[in-house]
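Structure, as structure tokens:
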Amino acid sequence: MEKEEMGKEAENGFAEISDKALDFIRKSIESEGSRGLRIDVIPGGCQGMTYELNFVNDKNPEDPSDLSITKDDVTFYIASRALVFVSGMSIDYVSNAIGGNLVFNNPNALSCCGCGRSFCAENNECGEDKEDGARGCYGACCY
């Protein structure tokens, strides 16, 4: 992602978000009739952790410590348990011939699976290292 395409600087260490990603998320929130996007990280996938995105109207009432961040009129609700995994990442939107998707470039990810849905972080069990010591896709994950 080009530096000039990045959205506002990461707030509270959350993420830098490209203008394309903000536009895509804004339109998706409107089409879902929601007020924001909740980002969580849950156990799952072949690498151990997976992003969970949900369109919501407010913070999770079961977790009042969720962080609420607004970037260019787009509201993100970050699950408190996910902060350690998403801190410092960048989010971009990439379009291709069959549509498009959000891409998470996460410096906390040691590796991610081939489909881009799950990742391994230092504080969870990971998939195998490759013979040359390289791991997965170097933290760029798609959703």
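Read-outs: derived from the displayed coordinates by stated rules, not from any lab. If you're wondering where the values come from, they're calculated on a predicted model, not measured in any experiment. When we count neighbours, we look across all protein chains shown, and the Cβ atoms used for this are built from the backbone with ideal geometry, even at glycine.
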Segment 37-54 - phi-based ³J(HN,Hα) in whole Hz, Karplus 6.51/-1.76/1.60, Gly and Pro as x: 10, 9, 10, 9, 10, 10, x, x, x, 6, 9, x, 9, 9, 6, 10, 10, 9
Surrounding net charge for SER65, when Lys and Arg each add one and Asp and Glu each subtract one, Cβ distance under 11 Å: -1
Calculated from backbone phi, Karplus (6.51, -1.76, 1.60) coupling profile of segment 81-97 in Hz, x at Gly/Pro: 6, 8, 4, 5, 8, 9, 4, x, 7, 10, 10, 10, 10, 10, 9, 9, 4
Label-point separation in nm, SER80 to GLU52, each point 7 Å along Cα→Cβ: 1.6
